[in-house]
Amino acid sequence: MCAWRRLHRNVRTLRGCFTHGSLNCTAVTQWQPDRCGGLTFCQKLSTGGALRNDFLNELKAQMAAMKKKAADGLPSSNWMPFEINPNLPPETADIVIVGGGVMGWSIAYWLKQKEKFSKKMRVLVVERDPTYSQASTVLSAGGIRQQFSLLENIHLSLESADFMRNINEHLSVVNEDPVDLQFNQSGYLFLASEEVAHIMEQNYNTQRCAGAKVSLFSPQQVKEKFPWINTEGVALASYGLENEGWFDPWSLLNAFRRKAMSMGVIQCFGEVADFRHVKQVLMTKNGEQIDMKTIKSVKVQMLNSLEYQPVECALVVNAAGAFSGKLAKMVGIGLGPKDSLAGFSVPVEPRKRYVYVVHCPDGPGLDSPFLIDYSGVYFRREGLGGNYICGVSPEEAEEPDTSNLEVDHQFFEDKVWPKLANRVPAFEKLKVTSAWAGFYDYNTFDQNGIIGIHPLINNMYFATGFSGHGLQQSPAVGRAVAELILDGEFKTLDLSGLSFRRILTQEPMLEQNIV
Amino acid sequence: MFVLHGLLLEVAVMSAPLISLHRCCQRAAVLLVARRHWGSSSASPPSLVSRSLDFLARRFYDVEALLNWKSRIGKDQLRKKNFYYGYTHKLYGPDIASAYYILNLGGGFRFVGQSEWFRADSRGKFNWDFLNYKDTPVEEVDMSHTIINYVGLSNLERQPLRTLKVQGCPEVDDWFLAGLHKFQDSLEELDISHCPRITVGGLAALRNLRWLKHLNVSSLPRISSPGLVIILLEEMLPQCRITAHGYDLSQPQVGGEKPEERLEAEG
């Protein structure tokens, strides 16, 4: 109470000093006894001094306003007679990337990175959710592995791991903190039953040839190395020694974003509502009519508002993740007659996947890898306090509803826990502390990414459909798309196997993996 | 001094007076490389010199270009030192190539079956006697306070290393530790104390070294809850003796450690 009064007194005295300097006003404060017996300052109830104080302040404010108006009137100011929303994207851009997840920003970074000398290319990244609350990137478990069966996937992962190893050489910004991905070098452990053991061996050979550091273990060796695993039913195990583990996806996204924006990429929060395109009708040998479309402008609508800005662009990159199929429909892909080229839609749709955080005090320690069982259930360590992240991919027939991101806790009890407890007996005693759900940009055709230009649209590039391994391949895919756009062909990695052609010829490139 | 340093890298054959100057700069080179131009990640506050350079770099393009050039020279030097010594490998074989690499960076090693250590002295000079021991693999390596990094580790690939000391190396990070899986069958002693870039994620990679008997993880600045990490390491490598000095284990840890666990770590 004393301190408060002292403070009050200091403030009053200060104000008294200021007013003394400009106007001759008598001291308006004096000591008065108050109700509690102590002494307080009270102001005399004379209005003379107070009015003069107010007048002075008002005068100051008016002078400042006049100065501002005069400065605005001068030629070098930004003042406009009508208000413009500063969040609107520019009216023209060279490349519009739809989707601000890790894939979109990776492409934006590589585009700017490759364009060394003519820094005049305007790249715009449009993202509809500033909080990234539903983005697959940040809801991902964040793992990276080279244990695939397709060569393209293995190379993409290896290159991305190389990128992350030297991430500060690529993505550091002057005078900012270095990037810290919190990479856990713990490796992946895949367990195979009798039926799929031969597939695992084939995959192991492919991976070794491609340069991945993987080793095969027998059940006894697995038991020796990880005594907390129940090796019943396991015929073979495949273990990643290097370049495998998990990291923080948000850090990677922010690193890409920060570096890209420092190189001049423009970020816009808005939703792509429409495309304006021109059509060119071509006839095939059989007399079939094909419409080739060229996108002329993208209509970007501001969030929660009717305001929109048509952005004229040369190229559009579809990196919208789970919603790429919907975006493609806006341009008319898939809306043609069923048996024609125009009838093939982009086979990407959102699929909901649950991730549960559990706490188990007696669980595996620092050496626990990202374990993936042949039944599809997986788990990994999270932090040092005995927390683990687990989940399972549901069967085709039991896919959950994708209209929201609500978590079904019964799913954990029915599908995840029994298999998990069977594989790791220590997990019989655990407690679910948290859970979330995220979308996979699920490629219903063959669950592998689609990278490349669409045959019917002249200037729309796709980098989507990665079905759960987009995050781990994003640096390499970004570079590949940038090469495709700027050089016209793949330079470092040949990803022509992942182009649209396989969808049109209906030749799926399936992963012969167990998950 | 730094300009001379840059020129020296281009000269293929180094003449005698320049060698001594070069070796004088070698220790400075470690510091140059260690001090990153991209932001203040170190725990200590930036000095007056670095703060004033930052201030000038924000205002003048030429200062910024000079600083970029300086950091690029440092990175280039790091890269050149840690190249895969393919030429030496072709001429003399993998063992001599590894030995030459170690001596070039300023470390020391011991051949299998020999008891004497070959070291480079503080001025970078070393004895060329190691060329006499053809086809003898290297068993113990001491590369403390050198600029060895992940790429340089490929020079030591084929050696059945039993001891590896990389104390105080500014370029040893988590990926380096993951790369140690190449020595998983032979490595028995590892010293990674005082390395500023190692975090818990890298320590998890040590699970592959199943024959490890001695591990020194003292004074790793980027470990947030050292007591808990030491206990987890002990659980992960049960037959290994872990030395961990230089941590203040009396403070309450971030990981919610209980008092009993703290006593266990100190005991």
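Structural remarks
- The set of residues from the range A:408-423 being out of contact with any Ser or Thr (no Cβ under 9 Å at 6 or more places or on another chain) and either aliphatic (A, V, I, L, M) or within 17 Å of A:S368 (Cβ to Cβ) (or both) comprises A:V416, A:L420, A:A421.
- Top-ranked residue in the range B:165-211 [being facing another protein chain (nearest Cβ under 7 Å) and touching a His at 6+ places or on another chain (Cβ under 9 Å); ranked as surrounded by the most Cβ atoms within 10 Å (Cβ to Cβ)]: B:A205
Residues checked against (1) crowded, with 22+ Cβ neighbours inside 10 Å; (2) outside the structural domain of A:W246 (by the TED database); (3) of a type in the set (S, T, N, Q); (4) modelled with pLDDT of 90 or more:
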position	(1), (2), (3), (4)
A:K431	no, yes, no, yes
A:A435	no, yes, no, yes
A:N448	yes, no, yes, yes
A:I451	yes, no, no, yes
A:I457	yes, no, no, yes
A:T464	yes, no, yes, yes
A:G478	yes, no, no, yes
A:K491	no, no, no, yes
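- Within the range A:402-419, the set of residues being more than 29 Å from the chain's Cα centre (by Cα) and touching a residue at least 40 places away in the same chain (Cβ under 8 Å) comprises A:K419 only.
- When the residues of the range A:59-94 are filtered to those that are of a type in the set (D, E) and part of a loop (DSSP other than H, G, I, E, B), the one that is modelled with the lowest pLDDT is A:E83.
- Comparison of B:L177, B:L190, B:L206 shows that the only residue that is in a strand (DSSP E or B), within 21 Å of B:S154 (Cβ to Cβ) and in contact (Cβ under 8 Å) with a residue 12 or more places away in the chain is B:L190.
- Where strands (runs of 3 or more DSSP E) fall entirely within the range A:324-394, those with at least 3 residues that are within 26 Å of A:S238 (Cβ to Cβ), more than 14 Å from every other protein chain (Cβ to nearest Cβ) and under 21 Å from the mean Cα position of the chain (by Cα) are at A:348-359, A:387-392.
- Consider the range A:236-253 and keep the residues that are free of Cβ contacts under 8 Å to residues at least 60 places away in the same chain and away from chain B (no Cβ under 12 Å). The one that is farthest from A:S172 (Cα to Cα) is A:L236.
- The set of residues from the range B:80-104 being assigned to a helix (DSSP H, G or I), surrounded by 14 or more Cβ atoms within 10 Å (Cβ to Cβ) and either of a type outside the set (F, W, Y) or modelled with pLDDT under 85 (or both) comprises B:K81, B:T88, B:H89, B:P94, B:D95, B:I96, B:A97, B:S98, B:A99, B:I102, B:L103, B:N104.
- Tally of residues being of a type in the set (G, A, S), in contact with a Phe, Trp or Tyr (Cβ under 9 Å, 6 or more places away or on another chain) and not in a strand (DSSP E or B) across the range A:256-282: 1
- Of all the residues in the range B:88-119, those that are in contact with a Phe, Trp or Tyr (Cβ under 6 Å, 6 or more places away or on another chain) and of a type in the set (A, V, I, L, M) number 4.
- Test: A:Q185 is under 28 Å from A:Q447 (Cβ atoms) and out of contact with any Leu (no Cβ under 6 Å at 6 or more places or on another chain): yes
- Residue satisfying all of: in the range A:364-381; among the small types (G, A, S) and touching a strand residue (DSSP E or B) at 6+ places or on another chain (Cβ under 6 Å); surrounded by the most Cβ atoms within 10 Å (Cβ to Cβ) among these: A:S368
- Among the residues of the range B:214-225, the ones that are surrounded by 16 or more Cβ atoms within 10 Å (Cβ to Cβ) and within 11 Å of chain A (Cβ to nearest Cβ) come to 3 in all.
- Test result for A:K329, more than 30 Å from A:L430 (Cβ to Cβ) and modelled with pLDDT of 95 or more: no
- Checked against the criteria, B:F130 counts as part of a helix (DSSP H, G or I), over 18 Å from B:L78 (Cβ atoms) and free of Cβ contacts under 8 Å to residues at least 60 places away in the same chain.
- Entry remark, the range B:212-233: residues being among the hydrophobic types (A, V, I, L, M, F, W, C) and in a helix (DSSP H, G or I) number 6 in total.
- Test: residue in the range B:238-254 that is within 11 Å of another protein chain (Cβ to nearest Cβ), within 27 Å of the chain's Cα centre (by Cα) and either part of a loop (DSSP other than H, G, I, E, B) or at pLDDT below 90 (or both): yes
- Some residue of the range A:239-252 being under 20 Å from A:P364 (Cα atoms), out of contact with any His (no Cβ under 9 Å at 6 or more places or on another chain), polar (S, T, N, Q) and outside any helix (DSSP H, G or I): no
- Residue within the range A:218-229 that is touching an Asp or Glu at 6+ places or on another chain (Cβ under 6 Å), in a loop (DSSP other than H, G, I, E, B) and either of a type in the set (G, A, S) or modelled with pLDDT of 95 or more (or both) present: no
- Failed item, numbered, when A:G468 is tested on (1) crowded, with 20+ Cβ neighbours inside 10 Å; (2) in contact with a helix residue (DSSP H, G or I) (Cβ under 8 Å, 6 or more places away or on another chain); (3) within 27 Å of A:N166 (Cα to Cα): (2)
- Index of the failed condition, A:N168 passing every other in (1) facing chain B (nearest Cβ under 8 Å); (2) closer than 16 Å to A:P249 by Cα; (3) touching an Asp or Glu at 6+ places or on another chain (Cβ under 7 Å): (3)
Per-residue answers, yes or no, for (1) farther than 30 Å from B:R72 by Cβ; (2) facing chain B (nearest Cβ under 10 Å); (3) surrounded by 16 or more Cβ atoms within 10 Å (Cβ to Cβ); (4) in contact (Cβ under 8 Å) with a residue 60 or more places away in the chain:
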site: A:V173; (1), (2), (3), (4): no, yes, yes, yes
site: A:Q185; (1), (2), (3), (4): no, yes, yes, yes
site: A:N205; (1), (2), (3), (4): yes, no, no, no
site: A:F217; (1), (2), (3), (4): yes, no, yes, no
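- Any hit, the range A:418-426, residues being within 14 Å of chain B (Cβ to nearest Cβ), touching a His at 6+ places or on another chain (Cβ under 7 Å) and either surrounded by 11 or more Cβ atoms within 10 Å (Cβ to Cβ) or at pLDDT 90 or above (or both): no
- Selection status of B:F109, hydrophobic (A, V, I, L, M, F, W, C), farther than 29 Å from A:V179 by Cβ and buried (at least 19 other Cβ atoms within 10 Å of the Cβ): yes
- Residue list for the range B:139-156, restricted to those being among the hydroxyl-bearing types (S, T, Y) and closer than 15 Å to B:S193 by Cα: B:S144, B:T146
The values are calculated or read from the model by the stated rules, or taken from the named source; none is laboratory data. Only a predicted model underlies this, so the values are computations on that prediction, with no experimental measurement involved. Cβ coordinates were reconstructed from backbone atoms using ideal geometry, including for glycine residues, and neighbour counts include every protein chain displayed.
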